[in-house]
């Protein structure tokens, strides 16, 4: 449990870590090499987390992974919306196979 919550809950003083590391203040910046779609998701997510005061500079890489996953999921969902869940391939036109977009 974070130190501030231990103090708030009245934990015994011996159990409170007075040397708990604290992340520096500020918001993480979106890496410049990302696509515009990832940047759009990044801005939305960081704005929401900043409003709740739960984002730190240390969250940058985890946020980047999340934003990229959201963009990939959206693209796969568009493909699935335009095709069927089961598809026929050129090699096996008589056999139904799972749409590869489902794996994404």
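Of note:
- Residues satisfying the stated conditions in region 95-104, i.e. exposed (fewer than 13 other Cβ atoms within 10 Å of the Cβ), within 22 Å of the chain's Cα centre (by Cα) and not in a loop (DSSP other than H, G, I, E, B): 102
- Taken together, the residues in region 16-35 that are surrounded by 10 or more Cβ atoms within 10 Å (Cβ to Cβ) and more than 24 Å from residue 49 (Cβ to Cβ) amount to 2.
- Taking the criterion of being part of a loop (DSSP other than H, G, I, E, B) and either touching a strand residue (DSSP E or B) at 6+ places or on another chain (Cβ under 6 Å) or surrounded by 10 or more Cβ atoms within 10 Å (Cβ to Cβ) (or both), the residues of region 46-94 that qualify are 55, 56, 83, 85, 89.
- Filtering region 5-15 to residues that are over 26 Å from the mean Cα position of the chain (by Cα) and within 29 Å of residue 48 (Cβ to Cβ) leaves 6, 7, 8, 9.
- Flag if residue 72 is touching a residue at least 12 places away in the same chain (Cβ under 8 Å) and over 15 Å from the mean Cα position of the chain (by Cα): no
Every number in this text was worked out from the coordinates using simple rules, so none of it is lab data. Bear in mind the structure is a predicted one, so any value in this text is a computation, not a measurement. When we count neighbours, we look across all protein chains shown, and the Cβ atoms used for this are built from the backbone with ideal geometry, even at glycine.
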